[in-house]
Amino acid sequence: MNNLGEMKKALNVEKEAHMLLTTHFSDLKWNIGNSNYNLSVYYSHLGDYEKANKCAEQACSIFKQIQGNTGYDYARSLSNLAFGKYSLGSTNEAIEIEKKALEIHRLNNTPIEVASSLNNLGTFYQSIEESQKAIKYCKEALNINEHCNNTYSVLQSLILNQLSLSYSYIGDYSTSILYNERSLDIIKNIHGEQHIRYIAVLGNLGVSYYTIGNKQKFKEYILKALDLSKIVLGNFHPTYAEVLGCSALAMLEDKNIEQAYEMTKEAINIYKHNSLENTLSCRIFMTDLIHYLIIKGNYDEAITNIFQLLPQEKNQPMNYSDLLFQLINCYELKNEYDNALQYSKEYLSIINNTRGNISENYIYALEVQRRILSKLKLEPDIITNYVESFQCISSYSYNNVLLFTENEKYIWWESVNKFIKDMASFTYKTNNNELVYNLFQSILISKGILLNTNKNLYNILKISQSPNLTTKFNLLKKQKQQVNKDLFGGRITSEELINNINTIEREILQELKPSFSNIENYNINVRDIVNKLNKNDIVIEFYNIDSINHVALLLREDWSNPKIISFKFSNSNDKNNYSIIWKPIEEYIKPGDNIYFSASGILHQIPIESLPIGDGKIMSDVYNMHRLSSTRELVKKKKEMKYTKAALYGGLNYDMTDDELLSASQTYTK
């Protein structure tokens with residue numbers, strides 16, 4: 001059935017058949033049960049889930065009487081009922097019903113039905129944000145379906161589509177799009193383009209492209225889905241409403257807030273027309289509507305809508321947390337920071353319960369709360385927040401960065417760097433010992449782990465002696481060279497190539513994962529550095545807060561905590577570099593000290609070792625200077641080096657380690 005009219009006709013025919021059966025042939029129990037089953041399917045397709053559930057319950061009751069609680073028809077009716085419950089928001093109840101159906105299908109050894117039931121469970125688990133469970137169930141469904149050679153079927157497309165949604169949710173958009181495109185191809189060949197399933201998958205594919213930033217393909221697919229849904233389903237079908245609500249994002253991209261608002265409002269009204277205002281899809285669009293109200297500056301109306309929705313979303317953590325975030329945003333924009341702080345605490349708690357505190361979501365939630373605390377000038381709470389934020393960022397970095405692609409690493413490093421800059425500025429103002437210590441640790445993460453993981457991975461790759469890995473790595477290098485050629489040639493790299501690069505990188509990283517434990521000195525902290533220091537050693541980590549403001553963190557073996565100093569510096573040619581950079585540090589050092597330092601920002605352009613200090617002397621005449629890419633290098637290897645002569649060379653790499661500097665200096669020493 002290709003359109004709404006045909007579906008309604010089929011429903012009316014089935015209703016007449018059902019009336020005839022129940023009136024004149026009441027002894028034909030199986031036929032009546034099957035008619036109820038068919039009615040539940042039609043009502044479900046038409047979006048009338050209340051009636052669909054009533055028919056499914058009647059079918060379950062009849063088939064259970066006829067076949068017992070292990071019958072095939074009883075199980076498939078249970079699946080119908082589960083889907084209806086899910087569609088009305090009773091997801092946990094739907095899961096329990098579907099598990100009963102799955103158990104019966106396994107018992108009856110009906111593999112296609114097992115695959116279908118597994119896919120339903122994947123759908124239900126995804127709706128409550130349990131993506132890994134969803135992927136697990138759907139992959140099992142896919143394996144069973146393919147083993148049955150049922151690969152070019154509606155079921156195959158449904159499984160692929162659900163896998164696409166789950167991978168999209170965990171941020172693996174490349175894999176998501178691959179599954180989605182396979183699903184779309186199957187549906188098109190089975191039903192053609194003018195079919196509800198094709199429209200739904202096309203819309204999902206459009207949204208997937210939206211998430212990876214390809215707005216052109218998003219608009220192409222979502223607007224095509226909108227046109228088709230209007231033709232095939234009409235203006236009052238829930239699927240049309242769903243596509244319409246997603247299409248509002250296209251208007252948002254064009255800065256047409258008013259149209260985005262009106263389209264979303266229309267979508268919600270369609271759901272209400274079908275008595276589906278409590279469904280998950282409708283509530284998501286209600287949340288979108290609040291977002292548009294905030295953009296329009298209607299904060300009070302947005303807050304009213306949020307409080308109306310919150311009770312309904314208690315069992316949907318993702319939606320509930322989104323609403324809380326919108327509420328916090330409204331109160332911030334209204335300068336009502338006490339209210340914003342109150343709800344930020346609840347927001348943090350929910351993110352912690354659903355995603356855990358070692359997650360990007362929780363780290364961002366802490367950032368939101370810190371912003372509010374800063375407005376309220378609650379210094380002790382800000383300190384507590386910074387400490388917790390550092391602990392989360394540290395754990396997340398150690399646990400995840402090795403599995404990041406280069407692009408993901410760069411994005412994460414940018415976000416960590418922003419945190420460190422904010423923390424450095426606040427730490428210098430408060431001079432809180434715990435913050436100074438954690439700031440030092442943060443800089444070690446930024447300069448060490450986030451910037452050196454590629455080197456570690458390449459070393460593992462070299463010793464892996466895996467032909468498969470070597471082939472993949474060479475292909476990756478070739479494709480990245482093409483990206484560089486495009487960049488320097490002023491050409492736009494194809495999205496397919498970018499997706500291929502990300503996919504190959506992930507495959508390589510997954511294969512290397514078992515060897516990650518072999519990386520030496522990966523988790524290095526301040527105490528590890530202190531344990532390597534002698535009496536005359538001092539460690540200095542420079543860090544640039546911005547282009548002018550800098551901090552230096554100093555560490556000696558007998559200090560209980562690092563010390564922090566601040567200075568302003570912006571001109572690498574300034575004749576007063578010694579006074580600006582070094583004078584504030586002099587009180588903590590003495591001639592003959594071994595100074596291990598790591599530069600940052602514009603300081604990389606300054607030959608600190610050779611700064612003139614007066615009387616014809618330079619820094620390295622008075623101190624034993626050691627330039628490091630990061631002071632964490634001390635834990636790996638500490639080697640005395642004294643620069644007895646100074647010279648200026650062009651094209652110096654100020655990130656070179658001591659060994660590299662020694663090797664380079666010997667080339668020029670006469």
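List of remarks:
- In order along the range 390-403, phi translates into HN-Hα couplings of 4, 4, 5, 4, 4, 4, 5, 5, 4, 7, 10, 4, 4, 9 Hz, rounded to whole numbers, per the Karplus curve 6.51 cos²θ - 1.76 cosθ + 1.60 with θ = phi - 60° and x for Gly and Pro.
- Equivalent ellipsoid of the range 176-220: semi-axes from √(5λ) of the C-alpha gyration tensor, largest first, are 19, 11, 7 Å.
- Under 27 Å from LYS334, Cα to Cα: lysines that are on another chain or at least 8 residues apart: LYS255, LYS265, LYS296, LYS314, LYS345, LYS375, LYS377, LYS418
- Each peptide in 235-248, 279-292 gets a packing score, the mean of other Cβ atoms within 10 Å over its residues, and the list from highest to lowest is 235-248, 279-292.
- Gyration tensor (alpha-carbon) shape descriptor, the range 255-350, a/c threshold 1.5: oblate
- Within the range 73-231: Cβ-based charge dipole about Cα centre, in debye rounded to nearest 20 (Lys, Arg +1; Asp, Glu -1): 280 debye
- LYS568/LYS480 FRET efficiency (R0 41 Å; Cβ-Cβ; nearest 0.05): 0.55
- Alpha-carbon centroids, the range 414-439 and the range 604-637: separation in whole Å: 25 Å
- Pairwise label distance in nanometres, GLU16 with ASN407, each label 7 Å out on the Cα-Cβ vector: 5.6 nm
- Stretch gain in nm, segment GLU586-SER26, where the contour uses 0.36 nm per residue and the Cα spacing is subtracted: 191.6 nm
- Note on the range 46-143: lysine pairs with Cα distance below 14 Å, sequence gap of 8 or more or different chains, count 5.
- Rounded to 5, the percent of DSSP beta bridges in the chain classed as antiparallel: 60 percent
- Prolate/oblate/rounded label for the range 220-277 (Cα gyration tensor, a/c 1.5): oblate
- Lys, Arg +1 and Asp, Glu -1 on Cβ, resulting dipole of the range 279-379 about Cα centre, debye, nearest 20: 120 debye
- Probe 1.4 Å, accessible area per residue of the chain, Å²: 48 Å²
- The range 15-92 and the range 537-587 have Cα centres spaced 75 Å apart.
- Relative contact order, percent, the range 307-361 [alpha-carbon distance under 8 Å, six or more residues apart]: 28 percent
- Surface calculation, 1.4 Å probe, protein heavy atoms: ARG197 sits at approximately 70 Å² accessible.
- Where a label projected 7 Å from the Cα of LYS255 along Cα→Cβ would reach, residues of the range 213-246 with amide N under 18 Å: 215-216
- Multiplying the residue separation of GLU266 and LYS334 by 0.36 nm and removing their Cα-Cα distance gives an extension gain of 21.7 nm.
- Those aspartates and glutamates that a straight Cα-Cα span of less than 18 Å connects to LYS472, excepting residues fewer than 8 apart in one chain: GLU406, GLU496, GLU505, GLU507, GLU511
- Phi to ³J(HN,Hα) by Karplus 6.51 cos²θ - 1.76 cosθ + 1.60 over the range 471-479, Hz, x for Gly, Pro: 4, 5, 5, 5, 5, 4, 4, 5, 5
- Gyration tensor (alpha-carbon) shape descriptor, the range 1-54, a/c threshold 1.5: prolate
- Computing FRET efficiency as 1/(1 + (r/R0)^6) for LYS314 and ASN400, where r is the C-beta to C-beta distance and R0 is 25 Å, gives about 0.25.
- Ellipticity estimate at 222 nm from DSSP helix runs (n ≥ 4, -39,500 (n - 2.57)) divided over the chain, nearest 500: -22000 deg cm²/dmol
- Portion, in percent, of the accessible area of the chain that falls on carbon or sulfur, probe 1.4 Å: 48 percent
- Length-normalised contact order of the chain in % [C-alpha pairs under 8 Å, at least 6 apart]: 6 percent
- The stretch between ASN278 and ASP227, if pulled fully straight at 0.36 nm per residue, gains 15.8 nm over its current Cα-Cα span.
- GLN391/SER415 FRET efficiency (R0 22 Å; Cβ-Cβ; nearest 0.05): 0.85
The values are calculated or read from the model by the stated rules, or taken from the named source; none is laboratory data. Here the structure is a predicted model, which means the values were calculated and not measured. Glycine gets a Cβ as well: all are built from the backbone with ideal geometry, and neighbour counts include every protein chain shown. In case anyone asks, the SASA skips ligands and DNA or RNA and just uses the protein heavy atoms, side chains included. Shrake-Rupley method; radii C 1.70, N 1.55, O 1.52, S 1.80 Å.
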